[in-house]
Amino acid sequence: MEKIQQVQQQALDQIEACTDLQQLQQIRITTLGKKGSISSLMTMMKDLPATEKPAFGQQVNDCKKTVSAALEKKQTLLEKEALDRQLQQEKIDITLPGTALRSGTLHPLTLVRQEIEDLFIGMGYTVAEGPEVELDFYNFERANIPADHPARDMQDTFYINPQVLLRTHTTAIQMRELEKAQGRLPIKVICPGKVYRRDDDDATHSHQFMQAEGLVVDENITLTDLKGTLQFMADRMFGKGRQIRFRPSYFQFTEPSVEVDVSCHLCGGKGCPVCKGTGWIEVLGAGMVHPHVLDMAGFDSSACSGFAFGVGLERVAMLKYGIDDIRNFYINDTRFLKMFDRFD
Ligand code: DAH
């Protein structure tokens, strides 16, 4: 019995003094393991008189339980300590300054394109796109500008081969949409996209720029529908109360054709440097779709009519945001682009 006491006390002392989990596992083996100190107490049993055996056995079992419980308790304690230590080590100092995640901004031309799309979608238009590498057929022929027509020289064109070119205007998309409709009415589309011309780049010219083409074809569409539509667009793009005026012009694909001015949003029409003292700013070309254009696309021009317009997005953005050099849109200087985050 004394021996049991002694083994138990020794085990408990070891457990008490133990400071890490590995060491504790070692103690578990040297006490409760097969050849451990407690297990080997059992071998002493065979030398005892039969009458003492049950009490001895009982005592060894109690010793086992006591030591097991002590091991368990210590294990829990050491595990908790280890966890506390880890938490302490991995603690995040939330008082340190954070790393700012800088987000990009929408490009000013994207803002203007989306604004135009939104306002026309609001009037029941759908948005249509077309290829930038376009056929001469849609860019010129269907727009009533046949081969050798002098008007072709006005739009210096990047030709890929005699039939294929980089589209010079979104009017090419208009011609595709007309054809796609196969004579069905009505058509109401807005067609934004990039266009290309062999221009030398300067403050107001770019060999690549953006336009949005508008097209409506139905029965009884008149010039007043065009005017009302453009008035609405001017109010939305440049602020309420803008006036618009039509000046006679000429495009091959419209008859009559007009040049559209909007009253200056900076001086309200009194005259300032932006409107060059005139009170008016020219923003787009428009007109009634030429009957021949409708007929070529498979419509009966005696039974329907349409209006169309083409607006330069850089020009709108420059006027809206007071940008004085078109190259700003294309050199991707983030100091310039960042200014448009407030317009999102
Ligand atoms: N395509 C013309 C240009 O690029 C703009 C234009 C004028 C488009 C009149 C039209 C229109 O749809 O009706 O200069």
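Here is how the numbers come out for the structure above:
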| read-out | value |
| --- | --- |
| Filtered residue count, the stretch 302-327, keeping only those that are of a type in the set (Ser, Thr, Tyr) and within 17 Å of Glu282 (Cβ to Cβ) | 0 |
| Odd one out for Met44 among (1) within 60 Å of the chain's Cα centre (by Cα); (2) loosely packed, with under 13 Cβ neighbours inside 10 Å; (3) in contact (Cβ under 8 Å) with a residue 24 or more places away in the chain | (1) |
| Residues that are within 37 Å of the chain's Cα centre (by Cα), within 13 Å of the ligand (Cβ to nearest atom) and either in a helix (DSSP H, G or I) or small (Gly, Ala, Ser) (or both), drawn from the stretch 228-253 | Thr229, Leu230 |
| Filter result (under 20 Å from Glu314 (Cα atoms), at pLDDT 90 or above and open to solvent by 40 Å² or more (accessible area, probe 1.4 Å)) within the stretch 234-266 | Arg236 |
| Where a residue in the stretch 108-123 is within 15 Å of Val316 (Cα to Cα) and its partner, wherever it lies, is among the acidic types (Asp, Glu) and open to solvent by 70 Å² or more (accessible area, probe 1.4 Å), with Cβ under 9 Å and at least six apart | Leu111/Asp344 |
| Selection count, the stretch 287-344, where residues are open to solvent by less than 50 Å² (accessible area, probe 1.4 Å), polar (S, T, N, Q) and either away from the ligand (no atom under 16 Å from the Cβ) or free of Cβ contacts under 8 Å to residues at least 40 places away in the same chain (or both) | 2 |
| Residue satisfying condition, being modelled with pLDDT of 90 or more, part of a strand (DSSP E or B) and touching a helix residue (DSSP H, G or I) at 6+ places or on another chain (Cβ under 9 Å), within set Gly287, Gly298 | Gly287 |
| Residue match in the stretch 2-24 (condition: in a helix (DSSP H, G or I), at pLDDT below 90, touching a Lys or Arg at 6+ places or on another chain (Cβ under 8 Å) and among the β-branched types (Val, Ile, Thr)) | no |
| Exclusive hit being over 22 Å from Ile281 (Cα atoms), out of contact with any strand residue (DSSP E or B) (no Cβ under 8 Å at 6 or more places or on another chain) and within 11 Å of the ligand (Cβ to nearest atom), set Ala147, Ala151 | Ala151 |
| Hey, Ala147 of a type in the set (Gly, Ala, Ser) and either out of contact with any Asp or Glu (no Cβ under 9 Å at 6 or more places or on another chain) or buried (at least 20 other Cβ atoms within 10 Å of the Cβ) (or both) or not | no |
| The stretch 55-81 - residue that is among the β-branched types (Val, Ile, Thr) and over 60 Å from the mean Cα position of the chain (by Cα) and, of those, surrounded by the most Cβ atoms within 10 Å (Cβ to Cβ) | Val67 |
| Lone qualifier among Leu215, Leu284 - being under 25 Å from Gly183 (Cα atoms), surrounded by 15 or more Cβ atoms within 10 Å (Cβ to Cβ) and under 37 Å from the mean Cα position of the chain (by Cα) | Leu215 |
| Identity of the residue in the stretch 118-144, part of a loop (DSSP other than H, G, I, E, B) and in contact with a strand residue (DSSP E or B) (Cβ under 8 Å, 6 or more places away or on another chain), that ends up nearest to Phe209 (Cα to Cα) | Glu132 |
| Lone qualifier among Ile160, Ile190 - being surrounded by 21 or more Cβ atoms within 10 Å (Cβ to Cβ) and either over 21 Å from Phe307 (Cβ atoms) or within 33 Å of the chain's Cα centre (by Cα) (or both) | Ile190 |
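The values are calculated or read from the model by the stated rules, or taken from the named source; none is laboratory data. What you see is a predicted model, and the numbers here were worked out from it, not measured in a lab. Reconstructed Cβ throughout: ideal geometry from the backbone, glycine too, with neighbour counts over all protein chains shown. Note: accessible area is taken over every heavy atom of the protein model, side chains too, but ligands, DNA and RNA are not part of it. Shrake-Rupley method; radii C 1.70, N 1.55, O 1.52, S 1.80 Å.
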